[in-house]
Amino acid sequence: MHSFANLDSLTYSVMIKHSSILILLYFFSMFPSELPAQPDFVPNYDEGQVPNYTLPDPLVFKNGVEVKGELEWQQRRAEILQFFSSQVYGVTPSPPLNTKSKVLSTDNDALSGKATRKEIRLFLTNKKTRPYIDILLFTPNQATRPVPAFLGLNFYGNHTVHTAPNITLSDQWMRANEDFGIVNHRATESSRGVRASRWPIEMIIDRGYALATVYCGDIDPDKNDFQDGVHPLFYQSGQSMPESNEWGTIGAWAWGLSRAADHLQQEEAINDNQIAVIGHSRLGKAALWAGAQDARFALVISNNSGCGGAALSKRAYGETVGRINHSFPHWFCNNFEQYNKNEAGLPVDQHQLLALIAPRPLYVASAEEDQWADPRGEFLSAVHATPVYKLLGKEGLPVSEMPEIDQPVMGTIGYHIRHGGHDINAYDWQQYLDFADKHFGSSAP
Ligand code: GCU
């Protein structure tokens, strides 16, 4: 660190002359992604400042006609799905690619003999190069019949969910995180197991469930380009970016979850009618979008998914549409930008995304200190999806008042707000296992 006394006089006078600029630059360098980018954004955390808003009714068509029965709901559902596809997450290309798979490793004696651990690589083209998707799968050894499975994406590589030294170390680009042993955007040996607290695999296995996970970056690395994930596989000639209505990164992640489900359906150890999709935070947004589009997901879990996930956008509480599109321009389709600072103009809201999952069981979870994700907005979204569940003969969410901290409620929609911050932990998983038992029947050996 220089002291002023060591500086020559020219530098000193330049520093004096430009001292205000230097102070500003120093200030900005402390908050690189915050201040220069969007200096005017101050999140609202005051319930009294939530704007008045009217939620679009999932049971009323765009033209004002009311939905009275299941058949009409199917048409209304298509209308809502179409909007989320073309204006929010972007259209998913179809048909899906023909994937081929290869088992990379099998360990029949994982978790002290309780589980079989497999790694399966799904090739998305006929080349052996990326993009491909590596599935890490644990199945309980004691099972006497095919078991239900949880499938979720992870943030930092399959090797981060468990400390086992022989899980393939991801070589794909990762978000920077030196604390997690991610150096120059690549995983190192020291990142093994760093996210194990988010994946209580033993508890899941002991309860008789399988667990499958995939590194989200295998599908599309979490950065603002569309070059090294699955998007280029679908480009028309000359295209290098998705069109304004085409899928962003969350859309790709959701698509990848469906490809992993294609594979899980082939696994004999798994009951293919009981695949639950789960995700935390940005990956919770992806889990919801996957569950909305792909009815093979028999149960859907959103953990702290917040803005663009379970939380109502029109409340503009915590993270807003403008803010998320600004910070993560690659997550949604470009059309979604029309609603930056204009949530009132949105003809849908996220309770309708939840409604697309009906009548399948859905769990929404919040955390008390995670105000950025708007816990109340997540809860209200579940409340306002409930009429669709009711129309389909299901209970939906059993309460209309927000439950106390750590007091889960479980109907066809489940909800809890736990103490603590933005995370997914063993407490959350206990609730998801109870909820899955409730809907799938207990699988405990
Ligand atoms: C950021 C982002 C959220 C997201 C979260 C996460 O906080 O603003 O929308 O859910 O990251 O994925 O952890």
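The values are calculated or read from the model by the stated rules, or taken from the named source; none is laboratory data. Please read all numbers here as calculations on a predicted model, not as lab measurements. A quick note on method: Cβ atoms are made from the backbone with ideal geometry, for glycine too, and the neighbour counts reach across all protein chains shown. What goes into the accessible areas is simple: the full protein's heavy atoms, side chains included, and nothing from ligands, DNA or RNA. Shrake-Rupley method; radii C 1.70, N 1.55, O 1.52, S 1.80 Å.
Summary table
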item	result
Qualifying residue in region 252-275 (condition: in contact with a His (Cβ under 8 Å, 6 or more places away or on another chain) and open to solvent by 10 Å² or more (accessible area, probe 1.4 Å))	no
Subset of region 84-100 [hydroxyl-bearing (Ser, Thr, Tyr) and modelled with pLDDT under 95]	94, 99
Residue match in region 111-120 (condition: of a type outside the set (A, V, I, L, M), in contact with a His (Cβ under 9 Å, 6 or more places away or on another chain), modelled with pLDDT of 95 or more and on the phi < 0 side of the Ramachandran plot)	yes
Unique match (being farther than 19 Å from residue 286 by Cα and open to solvent by less than 10 Å² (accessible area, probe 1.4 Å)) among 229, 217, 208	208
Residues located in region 81-133, provided they are more than 26 Å from residue 235 (Cα to Cα) and either part of a helix (DSSP H, G or I) or open to solvent by less than 50 Å² (accessible area, probe 1.4 Å) (or both)	105, 107, 110, 111, 112, 113, 115, 116, 117, 118, 119, 120
Unmet criterion (only one of (1) open to solvent by less than 30 Å² (accessible area, probe 1.4 Å); (2) over 23 Å from residue 263 (Cβ atoms)) for residue 163	(1)
Region 400-445: number of residues that are more than 20 Å from residue 373 (Cβ to Cβ) and aliphatic (A, V, I, L, M)	4
Of residues in region 257-288 being small (Gly, Ala, Ser) and within 16 Å of the ligand (Cβ to nearest atom), the one nearest to residue 93 (Cα to Cα)	286
Subset of region 375-428 that is among the aromatic types (Phe, Trp, Tyr) and surrounded by 22 or more Cβ atoms within 10 Å (Cβ to Cβ) - its residue that is nearest to residue 308 (Cα to Cα)	379
Given (1) closer than 20 Å to residue 366 by Cα; (2) away from the ligand (no atom under 16 Å from the Cβ); (3) over 16 Å from the mean Cα position of the chain (by Cα), number of the condition residue 348 does not satisfy	(1)
Hits in region 296-329 - residues which are open to solvent by 10 Å² or more (accessible area, probe 1.4 Å), more than 7 Å from the ligand (Cβ to nearest atom), part of a loop (DSSP other than H, G, I, E, B) and touching a residue at least 40 places away in the same chain (Cβ under 8 Å)	316, 317, 320, 329
